[in-house]
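Structure, as structure tokens:
What follows is calculated from the coordinates using simple rules that are stated; it is not laboratory data. On a predicted model such as this, the values are computed, not experimentally measured, just so you know. Don't worry about glycine lacking a Cβ; one is built from the backbone with ideal geometry, like all the others, and counts go over all protein chains shown.
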């Protein structure tokens, strides 16, 4: 799950369109107990947020919502984060609105559901 958090954190700081009027984003990471005792980790950024297309495609391999950053990554970070979540029984979701930031939530499986990879 560390790689999932790293992908979320790196992407949220990097994907701001050049010449954008979006504010410099701030990133916060939090953890709390969710339903059925499951740990929930949130990674929230106050940057530009995502439009509907980016929200639909963000977990696809090689997707880059802002092509001006194509030399700074390969579009695999969020796809790998999603795969890591799936393999471990976790879930990863997002809430975002263009111009208002993005929040990713990783919900870890309860201890009794823990899987060995």
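What length, rounded to one decimal in nm, is gained on full extension from residue 63 through to residue 76, with 0.36 nm per residue of separation minus their alpha-carbon distance?
Numbers: separation 13, 0.36 × 13 = 4.68 nm, distance 0.73 nm.
Full-extension gain reported as 3.9 nm.
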Given a Förster distance of 22 angstrom, what is the FRET efficiency for residue 31 paired with residue 86, based on the Cβ-Cβ distance and rounded to 0.05?
0.60
